[in-house]
Amino acid sequence: MKIYKKLKKSKKNILIDMSCSLIHHGHIRLIKKASKYGNLIIALTSDKELKINKKINPELNYKQRKEILKEIKGVFKIIPSKYELTQKFLDMNNIDIIVQGSDYRKRKFKNKTITFSRTRNISSTILRKLAVKNIN
């Protein structure tokens with residue numbers, strides 16, 4: 001008589017790409033939603049890429065942003081990334097599903113993509129401008 005073990009289907013790898021130059025509640029809401037789909041991997045934009053593409057020196061450097069993000073419930077792993085995701089990057093990291101905010105809805109990948117509405121009236125850019133205004 002043969003005995004078969006029932007194999008559990010492993011969780012899917014879910015990816016969010018984020019800069020998180022200033023981490024806020026919009027980031028937390030997206031992380032909470034995305035983590036329900038499987039192992040949440042955050043592709044965190046490097047400092048160099050932020051300087052080149054967003055023309056900012058992040059208030060928190062990569063190491064500090066990573067330290068904060070890895071402590072958030074539901075985050076499985078954090079990996080460094082460029083500002084623009086590529087299909088090659090997704091394939092190399094075995095990504096099954098991409099979760100993104102609605103500001104990225106025009107991106108096209110072969111992977112399943114889930115798009116959520118952005119949290120209204122919040123972004124790192126808004127926080128940065130508010131901080132400057134409050135100093136003056």
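Figures for the structure shown
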quantity: Environment charge of residue 85, counting only residues whose C-beta is closer than 13 Å and scoring Lys/Arg +1, Asp/Glu -1; calculated: +2
quantity: Two-site label geometry, residue 54 and residue 131: point separation in nm, points 7 Å out along Cα→Cβ; calculated: 1.1 nm
quantity: Largest to smallest principal axis extent of the C-alpha atoms in segment 12-135, angstrom; calculated: 45, 30, 27
quantity: Difference of contour (0.36 nm per residue) and Cα-Cα distance, residue 37 to residue 118; calculated: 27.3 nm
quantity: Sparse-neighbourhood loop sites, chymotrypsin sites (Phe, Trp or Tyr not before Pro) in segment 1-108 - DSSP loop, at most 11 other Cβ within 10 angstrom; calculated: 4
quantity: Helix-only mean residue ellipticity at 222 nm for the chain, each DSSP H run of n ≥ 4 adding -39500 (n - 2.57), per residue, nearest 500; calculated: -9500 deg cm²/dmol
quantity: Around residue 26: net Lys/Arg minus Asp/Glu count, Cβ-Cβ under 10 Å; calculated: +3
quantity: Total formal charge among the other residues, if their Cβ is under 12 angstrom from that of residue 113, Lys/Arg +1 and Asp/Glu -1; calculated: +4
quantity: Residue among 30, 69, 85 with the largest mean-square fluctuation in a Gaussian network model of the chain, springs linking Cα atoms under 10 Å; calculated: 85
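Only the coordinates and a few stated rules stand behind these numbers; no lab work does. All values derive from a computational prediction rather than experimental measurement. Neighbour counts run over all protein chains shown; Cβ positions are idealised from the backbone, glycine included.
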